[in-house]
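The values are calculated or read from the model by the stated rules, or taken from the named source; none is laboratory data. Everything quoted here is computed from the prediction, not taken from an experiment. Every residue, glycine among them, receives a Cβ derived from its backbone with ideal geometry; neighbour counts consider all protein chains shown.
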Amino acid sequence: MLEREGRWLLQLRDDIDGIVYPGTWALFGGHLESGESPAQAVQRELKEEINWTTTQLEPWFSKSSPQRIAHFFRAALTVPLSALTLLEGQDMALASLEELCSGQVSSKVCGETRSFAPSLQWAVDQMLQENSR
């Protein structure tokens, strides 16, 4: 989860049949390749998806489901949105906590509001749980 000035970077997944949770908002990331650690995988995925890397990624939490184990990391997004190149997905946005709590974010590219992939909802729930402590 990348944060810039109190807003979190989201990826709107492509509307393509056969991909996981098409057309929903998610976090940038993906699957581990053979021999990769979760930290190496997220670095590779950030480079592949938005042409950006950071050395400041911190492990945040992991969540298991019957299909997979999801590893979440946090870092500051140190560049403006305009400095990123969207290479995967149909849109990206910086969402406020209020938008994240609503469960839906508007896409300027699609001209409509879209819901969250389960993995993004897990991250939002974790953040809210930590903020309530």
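When Gly30 is tested against the conditions (1) touching a helix residue (DSSP H, G or I) at 6+ places or on another chain (Cβ under 7 Å); (2) modelled with pLDDT of 95 or more, the lone failure is (2). All of Thr85, Thr55 fail the test of being among the β-branched types (Val, Ile, Thr), at pLDDT 95 or above and over 19 Å from Met127 (Cβ atoms), apart from Thr85. For first residues located in region 41-57 and small (Gly, Ala, Ser), partners that are surrounded by 18 or more Cβ atoms within 10 Å (Cβ to Cβ) and lie 6+ apart or on another chain with Cβ distances below 9 Å form the pairs Ala41/Gly29. Just one of (1) over 26 Å from Thr113 (Cα atoms); (2) surrounded by fewer than 17 Cβ atoms within 10 Å (Cβ to Cβ); (3) of a type in the set (Val, Ile, Thr) fails for Val79. It is (1). Of the residues making up region 41-58, those that are touching a Phe, Trp or Tyr at 6+ places or on another chain (Cβ under 7 Å) and surrounded by 12 or more Cβ atoms within 10 Å (Cβ to Cβ) are Val42, Glu45, Leu46, Glu49, Ile50, Leu57. Residues in region 106-119 include at least one that is surrounded by 13 or more Cβ atoms within 10 Å (Cβ to Cβ), under 11 Å from the mean Cα position of the chain (by Cα) and among the small types (Gly, Ala, Ser).
Say we look at region 94-119 and pick out the residues that are in contact with a helix residue (DSSP H, G or I) (Cβ under 8 Å, 6 or more places away or on another chain) and within 21 Å of Ile19 (Cβ to Cβ); which of these is modelled with the lowest pLDDT? Restricting to residues being in contact with a helix residue (DSSP H, G or I) (Cβ under 8 Å, 6 or more places away or on another chain) and within 21 Å of Ile19 (Cβ to Cβ), the top hit is Gly103.
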